[in-house]
1. For region 2-49, which positions are part of a strand (DSSP E or B), among the β-branched types (Val, Ile, Thr) and farther than 23 Å from Phe60 by Cβ?
2. Do we find a residue being surrounded by fewer than 17 Cβ atoms within 10 Å (Cβ to Cβ), touching a helix residue (DSSP H, G or I) at 6+ places or on another chain (Cβ under 9 Å) and either at positive phi or not polar (S, T, N, Q) (or both) anywhere in region 89-100?
3. Please verify whether region 15-23 includes one or more residues that are surrounded by 11 or more Cβ atoms within 10 Å (Cβ to Cβ) and of a type in the set (S, T, N, Q).
4. Can you name every residue in region 58-80 that is in a helix (DSSP H, G or I) and either acidic (Asp, Glu) or under 9 Å from the mean Cα position of the chain (by Cα) (or both)?
5. Could you check, for region 45-53, whether at least one of its residues is in contact (Cβ under 8 Å) with a residue 40 or more places away in the chain, surrounded by 11 or more Cβ atoms within 10 Å (Cβ to Cβ) and over 24 Å from Thr12 (Cβ atoms)?
6. Pairs only if they're at least six apart or on different chains, beta carbon under 6 angstrom, first in region 82-95 and assigned to a helix (DSSP H, G or I), second of a type in the set (Phe, Trp, Tyr); list them, first residue then second.
7. Check Phe67, Phe60 and return the single one that is at pLDDT 95 or above, among the aromatic types (Phe, Trp, Tyr) and either exposed (fewer than 14 other Cβ atoms within 10 Å of the Cβ) or more than 23 Å from Asp94 (Cα to Cα) (or both).
8. Restricting attention to region 24-44, which residues are within 14 Å of the chain's Cα centre (by Cα) and surrounded by 13 or more Cβ atoms within 10 Å (Cβ to Cβ)?
Amino acid sequence: MARKCSLKGTKTQFGNNVSHSNRKTRRRFVPNIQSATFISQYLGKISLNVTSRTIRTVDFKGGIDNFLINSKAKNLSELGQKFRRKIKKIIASDDNKVEASK
């Protein structure tokens, strides 16, 4: 399994450990990937591998739907952008149904 967030695209970063004597050795900063299930009003049940930070952000934004709609596309992974487009398409079709019934 790749250590990559399915929604935000966060992946392993690289840097240095720096000792007191300023000696630098390479190291990895690995994201804390957790498997989480989100309930979407439009897409149903979604199981993803996401970072713990993304889980907290989704909760803060009020659910997966609000998180995806209010996030900029450039800040989401390809899968996140795909879900975002699906939700926007469903919302647009629901709006058209409401207008047609008037």
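1. Val18, Thr25
2. yes
3. No, region 15-23 has no match at all.
4. Those that are in a helix (DSSP H, G or I) and either acidic (Asp, Glu) or under 9 Å from the mean Cα position of the chain (by Cα) (or both): Val58, Asp59, Ile64, Asp65, Phe67, Leu68, Asn75, Glu78, Leu79, Gly80.
5. no
6. Cβ pairs passing all conditions: Ile87/Tyr42; Ile90/Tyr42.
7. Phe60
8. Scanning region 24-44 gives Pro31, Asn32, Ile33, Gln34, Ala36, Phe38, Ser40.
The values are calculated or read from the model by the stated rules, or taken from the named source; none is laboratory data. A quick note: this is a predicted structure, and the numbers were derived from the prediction, not measured. All Cβ positions, glycine included, derive from the backbone under ideal geometry; neighbour counts span all protein chains shown.
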